[in-house]
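Please read the structure below before turning to the comments.
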Amino acid sequence: MDRLLSTWFGAGFLRPASGTWASAIAVVLGLLLHRFGHFPLLAIATIAVTAVGFRVVPRYTAGMADPDRSEIVIDEVAGQWLALCFPSFGFWMMGLPADNFPYPGWVAAFVFFRLFDIWKPWLVGRADREGGVAGVMKDDLWAGLFAGIATMIAAAAFHIPMILAAS
């Protein structure tokens with residue numbers, strides 16, 4: 001079960017770029033979670049997959065020389081869902097129906113998450129260099145946090161001029 005969850009039901013074995021495949025699958029699942037339970041369900045799922053990741057990754061990688069193996073992608077799911085929580089929360093607070101998750105929001109969350117996960121700036125890189133099992137999860141959570149913030153900044157940069165022009 002630890003292997004199944006750590007590899008997110010085998011998504012970690014997709015090649016090339018298993019992390020990107022896992023992030024894309026996470027976006028699809030995240031959109032479904034948003035659709036069926038809006039932000040609260042996505043937030044609960046994000047917390048749950050993060051907790052599960054911190055539990056199963058150490059057990060799956062026990063005895064392995066490198067715990068940050070490419071097939072371990074539950075960390076990408078947790079980070080990607082964290083990034084999606086930002087626009088999901090915004091849509092929920094605006095009272096938009098759950099079946100409405102406009103594509104710029106989830107596309108931006110995906111692109112920014114992959115950017116921060118690959119580039120590994122600042123706290124993302126620090127967590128990655130920390131190594132060990134905790135680093136496996138933490139670098140993607142930092143990337144998800146930064147991606148969520150970047151998504152909201154991009155949304156504001158796009159919408160504020162439109163609002164000002166309309167008034």
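All of the numbers you see were taken from the coordinates with simple rules; none came from a lab. Computed from a predicted model, the values in this text were never measured in an experiment. Every residue, glycine among them, receives a Cβ derived from its backbone with ideal geometry; neighbour counts consider all protein chains shown.
Screening the chain for whole DSSP H helices of 24 Å or more along their axis (Cα) with average Kyte-Doolittle hydropathy at least 0.5 returns 18-61, 74-93, 132-166. Label sites at ARG35 and ARG15, each approximated as a point 7 angstrom past Cα along Cα to Cβ, lie 3.2 nm apart. Counting only DSSP H runs of at least 4 residues, each contributing -39500 (n - 2.57), and dividing by the residue count of the chain, the helix-based mean residue ellipticity at 222 nm comes to -27000 deg cm²/dmol. The alpha carbons of segment 61-167 stretch over 61, 28, 17 Å along the principal axes, in descending order.
Determine, for each peptide in 72-79, 152-159, the mean count of other beta carbons within 10 angstrom over its residues, then list the peptides with the highest first. Could the numbers behind the result be given before it?
Details: 72-79: 29.2, 152-159: 13.4.
Output ranking for 72-79, 152-159: 72-79, 152-159.
Taken along the Cα-to-beta-carbon direction at a fixed 7 Å, the label points for ASP2 and ILE44 span 2.8 nm.
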